[in-house]
Amino acid sequence: MRNYNVYGIGNAIIDIQLQISEEVFQTLGLEKGAMSLVDTEEQLALLSKFPETELNKVSGGSAANSMIALAQLGGKAAYGCLIADDEMGKFYATEMKDLGITVYTTPTEGGDTGTSVILITPDAERTMNTYLGVSAEFGPEHVSSRLVGESEWLFIEGYLFSTPRGQEAVKKALSYAGKRGTKVAVVFSDGFIVDVFGEHLRAAVKYSDLIMANFNEASRFTGESEEEKIVEALKDSAPSFVLTKGKDGARVFFDGQDVSIKPVPTKAIDETGAGDMFAGAFLYGVSNGLSLEDSGNLASRLASKIVSQLGPRYSGDLSKEV
């Protein structure tokens, strides 16, 4: 019996969310639904365009959101990241501790904790403008061999592939997992990760037990546009996969079982964190004795709840949802 269901590694990001109109968004020259890496000056310039707009602040990051979901469901989660010794970093560490997550990090002196300005349009799309801050320096020395060994799963956030240090951290984590017999899950995170850092992503996928991607990411990864062709290509890439399809549900291939997961109809207002919730809930299920179908249905149901609210964290009691 291991101490943790999942040890995730990824960026520590404070999400700063604001809702804007489609007309205003079109004036910004941004790619809708994508994540762009920016510097702090670009973030401040963007925020200055919305002086009267209410901001919603919450600690996150893709893998962190998944670990939060798993912990809220009653699972045991650990998270490796890098924060600065600043107010944002203190806010982040306190929130994660209050959520019952073991955080493996040493705050760095100087620099800034990462932030992401997330623009949410009426169609529920979220467009992220992310300043990684000290997260860009997350490297192999920040990965805990002990926590990898004490966890059933190692969960790798795709955004780590966007920096040289993150790429080295992934290699080290995979090495630890191989030595300790820890299963590996890799989430693609964003289409631009597949397009720009695909070489590093594919190298990690070779050592994974499970890959998780939405339809757009999987299509870019496989070079296919039809679902069945994407599915067959994913089966050739890893032993198991989760393919999320938004309003069309999901397709899961796990331990030789191929299951279609029905969507749960909802009124979407913000898609931020939907995939993160699906990943966290699914890993909770398969590491806590739920059947594959029950794990997928739990993940689908909770993802629908996330898109029907503002922000990536469920505001209710997730343990009642199991």
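The values are calculated or read from the model by the stated rules, or taken from the named source; none is laboratory data. Please read all numbers here as calculations on a predicted model, not as lab measurements. With ideal geometry, Cβ positions are generated from the backbone for all residues, glycine too; neighbour counts draw on all protein chains shown.
Here are some notes:
- Boolean, S304 is part of a helix (DSSP H, G or I), among the hydroxyl-bearing types (S, T, Y), surrounded by fewer than 21 Cβ atoms within 10 Å (Cβ to Cβ) and at pLDDT 80 or above: yes
- Matching helices (runs of 4 or more DSSP H) fully within segment 188-286 where at least 2 residues are in contact (Cβ under 8 Å) with a residue 60 or more places away in the chain and closer than 27 Å to L18 by Cα: 191-205, 274-286
- Taken together, the residues in segment 137-158 that are within 22 Å of M88 (Cα to Cα) and either in a loop (DSSP other than H, G, I, E, B) or modelled with pLDDT under 95 (or both) amount to 3.
- For segment 116-131, taking the residues that are under 15 Å from the mean Cα position of the chain (by Cα) and of a type outside the set (S, T, N, Q), the one that is surrounded by the most Cβ atoms within 10 Å (Cβ to Cβ) is identified as I118.
- Filtered by the rule that a residue be β-branched (V, I, T) and either in contact with a Gly (Cβ under 7 Å, 6 or more places away or on another chain) or free of Cβ contacts under 8 Å to residues at least 60 places away in the same chain (or both), segment 116-129 gives a lone residue, T127.
Yes/no matrix, rows are residues, columns are (1) surrounded by fewer than 19 Cβ atoms within 10 Å (Cβ to Cβ); (2) closer than 27 Å to M35 by Cα:
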residue: S225; (1), (2): yes, yes
residue: E228; (1), (2): yes, no
residue: D255; (1), (2): yes, no
residue: D258; (1), (2): yes, no
residue: K262; (1), (2): yes, no
residue: S287; (1), (2): no, no
residue: E293; (1), (2): yes, no
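- Leading residue by the ranking (modelled with the highest pLDDT) among those in segment 29-46 that are under 12 Å from R126 (Cα atoms) and of a type in the set (A, V, I, L, M, F, W, C): L30
- Considering residues of segment 139-183 that are of a type in the set (F, W, Y) and touching a strand residue (DSSP E or B) at 6+ places or on another chain (Cβ under 8 Å) only, the residue nearest to S66 (Cα to Cα): F155
- With respect to being touching a residue at least 24 places away in the same chain (Cβ under 8 Å) and among the β-branched types (V, I, T), T40 fits the description.
- Residues (in contact with a helix residue (DSSP H, G or I) (Cβ under 8 Å, 6 or more places away or on another chain), crowded, with 18+ Cβ neighbours inside 10 Å and of a type outside the set (A, V, I, L, M, F, W, C)) located in segment 230-244: T244
- In segment 51-68 there is no residue matching the filter, namely being under 16 Å from the mean Cα position of the chain (by Cα), of a type in the set (A, V, I, L, M, F, W, C), at pLDDT 95 or above and over 18 Å from G273 (Cα atoms).
- Just one of the numbered conditions (1) among the polar types (S, T, N, Q); (2) out of contact with any His (no Cβ under 6 Å at 6 or more places or on another chain); (3) assigned to a helix (DSSP H, G or I) is not true of Q167: (2).
- Candidate set: segment 146-181, residues that are of a type outside the set (A, V, I, L, M) and in contact with a Lys or Arg (Cβ under 8 Å, 6 or more places away or on another chain); chosen: the one nearest to M128 (Cα to Cα): W153
- Evaluation of A69 against (1) closer than 27 Å to R301 by Cα; (2) touching a strand residue (DSSP E or B) at 6+ places or on another chain (Cβ under 8 Å) (one fails), failing number: (2)
- Among the residues of segment 228-250, those that are among the charged types (D, E, K, R) and over 20 Å from A274 (Cα atoms) comprise E228, K229, E232, K235, D236.
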